[in-house]
Amino acid sequence: MLTDKQRFYYRNADRRWNIKVGAVRSGKTYCDFFTIPKRIRACTGDGLIVLLGTTVGTLCRNLLDPMRELWGEYLVGRPSSKDTVSLFGRTCWLIGASRADQAAKLQGSGVEYAYGDEITTWHPQVFEMLKSRLDKPNSRFDGTCNPASPDHWFKAFLDSDADIFLQTYTIDDNPHLSPTFVHELKKEYLGTVSYDRYILGKWCAAEGAVYRRFADNPSSFLIDSDSVSPGDISRISVGVDFGGSRSATAFVACAILGNYDSVVVLASERHLAAVDSDRLGELFCQFLLSVEASFSPVSVAYCDSAEPVLIRSLKKAARLCGLSVSVRPALKLPVNDRIRLLNRLLAQRRFRLTEACDSLSLALRSAVWLPDTYPDARRDDGSSDIDSLDALEYALERDLRRFE
């Protein structure tokens, strides 16, 4: 069932560029499950049909898989190894648009119809190439995105005099969502840049404190270490960020409670002085032994993957100290994905620190957004403790999906 707003788009969006911008879960993409078949049936075969997303995988997950459930596998096929898919009797090309080199896949071809998912995550060179390929008299583009910074390249395109049909959505435009879900999502995003973007559907800059909930009331997230029962701990992971010429070495130990119900940061340390590999191994082992003496054995340590030699030295040091910890390179997900995870845990009151986390507490209070930047960036100029934040994120990032 389409909403009135979705039906209006279906009936009236007939410009060269037809765009829906707005909140998460607001019904932007669902409308396209019906728009795409209409567009494909209108194609004459004079050009390619192209579907673009951040990656081919996200395009399948966000678009093709739910369309297949709706229309069936006969009309919505499964992607081939050549990144093509049969849709409503036509062969369509699939392109991941997050990298500049993907623009070459559009070269030399006229495009009769293109669909774009998560446009604000694309590399601008891919979009520029697409503009030059929509060269047929009946060429059309449908696309969706969440808003980003007002300085984003796609916002500049939307504000241009191009032939654009534009709809904007808030989360309240989707009446099919559970009121409880909407209420909880609004609560989780409240006080962050994500509220304006992902709830209200506004283009706005990231500014001020990165972890505003924590910065406004850090004591509300503090618990006594004696209240953490070893029996409640599923595992302990340690994040390690190595110091360099302009940074410090940081250790952060996180306890996962229950079935990823919550996180308690058990201890944090930051060492400003430069240390050699032998001294680093000593500090690492001392930190782990201290955590294990108060709680339970540390399962794994995730270290900055840019320093494989130092990772090997920590493995050797742990072995010589009789520690059973697995020392592995950090995944190093995009920083903003790591920030969203922590803000979500803070909003859900699933994140706590003990009194042994002074360095991390200061880091969380002092983290701020770098103003007037695209994409959003956390200030990393030495004015705040990014080292402890990185170590915390290395300890948690591999479990990002499990915390959802």
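The values are calculated or read from the model by the stated rules, or taken from the named source; none is laboratory data. Computed from a prediction, not measured in an experiment: that's the story for all the values here. When we count neighbours, we look across all protein chains shown, and the Cβ atoms used for this are built from the backbone with ideal geometry, even at glycine.
Figures for the structure shown
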read-out: ASP83, sole failed condition from (1) within 29 Å of the chain's Cα centre (by Cα); (2) on the phi < 0 side of the Ramachandran plot; value: (2)
read-out: Residue satisfying all of: in the range 322-355; in contact with a helix residue (DSSP H, G or I) (Cβ under 6 Å, 6 or more places away or on another chain) and small (Gly, Ala, Ser); surrounded by the fewest Cβ atoms within 10 Å (Cβ to Cβ) among these; value: ALA347
read-out: Residue in the range 242-260 that is surrounded by the most Cβ atoms within 10 Å (Cβ to Cβ), counting only those that are touching a helix residue (DSSP H, G or I) at 6+ places or on another chain (Cβ under 6 Å) and under 19 Å from PHE351 (Cβ atoms); value: VAL252
read-out: Residues of the range 293-314 satisfying the condition of being within 24 Å of the chain's Cα centre (by Cα), part of a loop (DSSP other than H, G, I, E, B) and surrounded by fewer than 21 Cβ atoms within 10 Å (Cβ to Cβ); value: SER305, ALA306
read-out: Long-range neighbours under 6 Å by Cβ, at least six apart or interchain, first residue among the polar types (S, T, N, Q) within the range 29-52, second not in a strand (DSSP E or B); value: THR35/TYR10
read-out: Residues within the range 357-371 that are surrounded by 18 or more Cβ atoms within 10 Å (Cβ to Cβ) and more than 30 Å from LYS186 (Cβ to Cβ), tallied; value: 1
read-out: Pair list, Cβ under 6 Å, 6 or more apart: the range 295-321 residue closer than 27 Å to THR354 by Cα, other residue surrounded by fewer than 14 Cβ atoms within 10 Å (Cβ to Cβ) and hydroxyl-bearing (Ser, Thr, Tyr); value: VAL300/SER326
read-out: Failed item in (1) of a type in the set (Phe, Trp, Tyr); (2) farther than 24 Å from ALA13 by Cβ; (3) surrounded by 19 or more Cβ atoms within 10 Å (Cβ to Cβ), with PHE88 passing the rest; value: (2)
read-out: Filtered residue count, the range 353-404, keeping only those that are assigned to a helix (DSSP H, G or I) and closer than 20 Å to SER305 by Cβ; value: 15
read-out: The lone exception for THR120 - which of (1) farther than 28 Å from THR44 by Cβ; (2) outside any helix (DSSP H, G or I) it fails; value: (2)
read-out: Any hit, the range 13-23, residues being assigned to a loop (DSSP other than H, G, I, E, B) and within 21 Å of the chain's Cα centre (by Cα); value: yes
read-out: Every residue from the range 188-224 that is of a type in the set (Ser, Thr, Tyr) and at pLDDT below 90; value: TYR189, THR192, SER194
read-out: Test: residue in the range 93-109 that is assigned by TED's automatic domain parsing to the domain that holds LEU134, in contact (Cβ under 8 Å) with a residue 60 or more places away in the chain and out of contact with any Asp or Glu (no Cβ under 7 Å at 6 or more places or on another chain); value: yes
read-out: Condition met for SER194 (hydroxyl-bearing (Ser, Thr, Tyr) and surrounded by 13 or more Cβ atoms within 10 Å (Cβ to Cβ)); value: yes
read-out: Residues located in the range 197-213, provided they are closer than 15 Å to ILE339 by Cα, over 17 Å from the mean Cα position of the chain (by Cα) and either surrounded by 23 or more Cβ atoms within 10 Å (Cβ to Cβ) or not hydrophobic (A, V, I, L, M, F, W, C) (or both); value: GLU207, GLY208, ARG212, ARG213
read-out: Verdict on ALA274 being hydrophobic (A, V, I, L, M, F, W, C) and not in a strand (DSSP E or B); value: yes
read-out: The range 83-117 - residue that is assigned to a loop (DSSP other than H, G, I, E, B) and of a type in the set (A, V, I, L, M, F, W, C) and, of those, farthest from THR35 (Cα to Cα); value: ALA97
read-out: So ASP241, is it in contact with a Leu (Cβ under 9 Å, 6 or more places away or on another chain) and either modelled with pLDDT of 95 or more or more than 20 Å from THR354 (Cα to Cα) (or both); value: yes
read-out: From the options ARG78, ARG61, residue that is under 28 Å from TYR189 (Cα atoms), free of Cβ contacts under 8 Å to residues at least 24 places away in the same chain and surrounded by fewer than 17 Cβ atoms within 10 Å (Cβ to Cβ); value: ARG61
read-out: Candidate set from the range 274-294 (those that are among the small types (Gly, Ala, Ser) and without any contact (Cβ under 8 Å) to a residue 24 or more places away in the chain); member that is farthest from TYR394 (Cα to Cα); value: ALA293
